[in-house]
Amino acid sequence: MHTILQINSSLFGATGQSSKLAAEFAAALAASTGGRLVVRDLEQHPVPHLTAERFAAFTTPAAERSLDQQRHVAESDAMIEELRAADTIVLGLPMYNFGVPSTLKAYFDHLARAGVTFRYTAEGPVGLLNAKRVYVFATRGGRHAGTATDMQTAFVRQFLGFIGLRDVEFIYAEGLALGPDHRAQALAAATARIDQLAA
Ligand SMILES: Cc1cc2nc3c(=O)[nH]c(=O)nc-3n(C[C@H](O)[C@H](O)[C@H](O)COP(=O)(O)O)c2cc1C
């Protein structure tokens, strides 16, 4: 069965604009594929920051891990397995202070595991997650796409590619704070793209 993983990273949880667009698309995709929808909400269930202790757990050989280290690794393993099991990933991505939500960065820090999601070779790093399509619903108060102030897109694309997810499409809803007309226009364009993609 087609599994869709929807990841919300808005600080407003499911009511955030990025979460709403992600949910709209994920539901349409689930309906058209007869698929199963799994939702991870990083506001409702935040992932702890990566600490030296947690990072040490990742790099300690499995047979030598303490109970605490085993627990830390199991948390990261579960997030990675959830991604691995998904056929399609739908990410709600608000821009906060020019970057990604800190909750999303914390989540990403649990996904980057040498020997598990990437490995280094003589030719450079190789992502180890199986290819799957990723749709990113990027919402912004201002307009940034295609300009120097959009550091978010490059970062998210780079990170996902690093762990093997190279097939990424961004759907932007920008200028949401520029007035009701701009907002309505941007949301209508995003919804039109959702209809196209889910058809
Ligand atoms: C804390 C915070 C920081 C924000 N920083 C930016 C920013 O740097 N650039 C921008 O264009 N919009 C910024 N915005 C506006 C949001 O990107 C916009 O409201 C977006 O729709 C939020 O998505 P959400 O409702 O899914 O959280 C910010 C909003 C908040 C709440």
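Key figures
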| read-out | value |
| --- | --- |
| Cβ-Cβ FRET estimate between Ala114 and Ala189, R0 fixed at 45 Å, reported to 0.05 | 0.65 |
| Equivalent-ellipsoid semi-axes of the range 75-172, from the Cα gyration tensor, Å, largest first | 24, 15, 13 |
| Sites Gln44 and Asp77 - FRET efficiency at Förster radius 22 Å, r taken between beta-carbons, to 0.05 | 0.60 |
| Alpha-carbon spread of the range 1-87, three principal axes, descending order, Å | 46, 30, 14 |
| Distance-filtered residues of the range 148-172 - backbone nitrogen under 15 Å, label point 7 angstrom along Glu123 Cα→Cβ | 164 |
| Modelled label reach - Glu64, point 7 Å along Cα→Cβ, the range 89-123 residues with backbone N closer than 18 Å | 114-116 |
| Calculated [θ] (222 nm, deg cm²/dmol) that DSSP helices of n ≥ 4 give over the chain, each run adding -39,500 (n - 2.57) | -14000 deg cm²/dmol |
| Volume per residue of the C-alpha convex hull in the range 92-147, rounded to whole Å³ | 130 |
| Under 5 Å, built H, 5+ apart or other chain: amide partners of Val90 | Leu5, Gln6, Ile7, Tyr135 |
| Calculated log₁₀ intensity ratio I(q)/I(0) where the Debye formula runs over C-alpha points of the chain, q = 0.14 Å⁻¹ | -0.83 |
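Since every read-out is calculated from the coordinates, none of them should be taken as a lab result. None of the values given here were measured: they were computed from a predicted structure. So basically every Cβ, Gly included, is an ideal-geometry build from the backbone, and we count neighbours across all protein chains shown.
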